[in-house]
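The values are calculated or read from the model by the stated rules, or taken from the named source; none is laboratory data. Here the structure is a predicted model, which means the values were calculated and not measured. Note that we place each Cβ from the backbone using ideal geometry, even for glycine, and neighbour counts take in every protein chain shown.
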């Protein structure tokens, strides 16, 4: 029997993770960057699981082996090729039969692979605790301001300048507003969202991290409360911008020959603002008057939801160019550190 590898011993090393769970399990949540090579597909897993549930354990095992054996040569070829890049680490749900059988087979063939002790569940437990610990260690600087001021763009520019950032909207695949899902694919699961956050923060070079002001809910996902509480009480930089520049950014981010999607999204606003106003904006979209719609959204929805009362800021920056603003923030940070 070959020894398993614990997640804390391999998490910071250069390995290739191979997720042997079914496609639906993988889609729900997985280790960042993991490749999916399912031992059982979704239908096969359901059939085998039904046999287990009906106490037909031996029959279930036999059927699982039958399903897996057909894929064995393909697995062998793919994993051998992957070893040319880095050492693969196999994992399944809990480090049981799915990863164990393939691991022992490959090792008996002298293939240099590892197996994750406890499987994905062990990784998830480790990730939850590690993210809490990271959050305690980090000092956040929050970029705050009206929608369209370019906060997300500045976050990306700061990252490009070598500063540590956390892009929550990227982790959630949602822009955090009523139009937040426009032009984007589906959001990840809550587990995968937290994994994405963990991976971004795990790669930081320091404990000073820039983050955009976000509510605790981004689309259908929730920022872990301890993380929200930490950055929500952290130092803030106010980002401002002219009305015209804000409209320009919003138009660039959301309007790309997608009128039907915009109209469907606006209909959801009828629960929050005047229905007649929403109907007027829908007509403006149909007439391609996007600037009018954007300005009405800012005046009637976005700006009233932003409240700067009871907030204090360590600095304010007018953002007409996100790259220039990021450079000014970096310069401000350097000057502050010299004090």
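Tell me, yes or no, whether segment 51-68 has at least one residue that is in the same structural domain as residue 104 (by the TED database), assigned to a loop (DSSP other than H, G, I, E, B) and under 23 Å from residue 189 (Cβ atoms).
Step one: list which residues in segment 51-68 are in the same structural domain as residue 104 (by the TED database), which gives 51-68.
Applying the additional criterion that residues be assigned to a loop (DSSP other than H, G, I, E, B) yields 54-56.
Now narrow it down to the ones that are under 23 Å from residue 189 (Cβ atoms): none.
Looking through segment 51-68, none of the residues is in the same structural domain as residue 104 (by the TED database), assigned to a loop (DSSP other than H, G, I, E, B) and under 23 Å from residue 189 (Cβ atoms).
What number of residues within segment 96-133 are within 23 Å of residue 203 (Cβ to Cβ) and in contact with a strand residue (DSSP E or B) (Cβ under 9 Å, 6 or more places away or on another chain)? Step through it out loud before you land on a result.
From segment 96-133, those within 23 Å of residue 203 (Cβ to Cβ) are 114, 116, 120, 122-133; that's our starting set.
Pick out the ones that are also in contact with a strand residue (DSSP E or B) (Cβ under 9 Å, 6 or more places away or on another chain) and you get 114, 116, 120, 122-123.
Matching residues across segment 96-133 total 5.
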Legend entry - Count of residues meeting criterion [closer than 19 Å to residue 150 by Cα and at pLDDT below 90] in segment 296-339: 12
Inset, instruction - Please list, ordered by first then second residue, the pairs with beta carbon atoms under 6 Å, 6 or more apart or interchain, first in segment 196-217 and exposed (fewer than 14 other Cβ atoms within 10 Å of the Cβ), second assigned to a loop (DSSP other than H, G, I, E, B). - result: 207/138; 216/223
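Mind checking which helices (runs of 4 or more DSSP H) fall wholly inside segment 84-182 and carry at least 1 residues that are closer than 22 Å to residue 252 by Cβ and in the same structural domain as residue 315 (by the TED database)? Break it down into steps so the answer makes sense when it comes.
Numbers: elements: 97-108, 119-137, 151-160, 168-172.
Ranges flagged: 151-160, 168-172.
Please work out which residue is farthest from the chain's Cα centre (by Cα), limiting yourself to segment 267-279 and to residues that are over 13 Å from residue 300 (Cα atoms) and without any contact (Cβ under 8 Å) to a residue 24 or more places away in the chain. Spell out the reasoning first.
In the first step, residues of segment 267-279 are kept if they are over 13 Å from residue 300 (Cα atoms); the result is 267-268, 271, 279.
Filter once more, so that each one left must be without any contact (Cβ under 8 Å) to a residue 24 or more places away in the chain: 267, 271, 279.
Details: 267: 27, 271: 28, 279: 34 Å.
Checking each candidate, the answer is 279.
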Legend entry - Enumeration of residues in segment 298-328 that are under 30 Å from residue 257 (Cβ atoms) and without any contact (Cβ under 8 Å) to a residue 40 or more places away in the chain: 299, 300, 304, 305, 321
Inset, instruction - Inspect segment 234-242 for any residue being without any contact (Cβ under 8 Å) to a residue 24 or more places away in the chain and either assigned by the TED database to the domain that holds residue 317 or surrounded by 22 or more Cβ atoms within 10 Å (Cβ to Cβ) (or both) and give the result as yes or no. - result: no
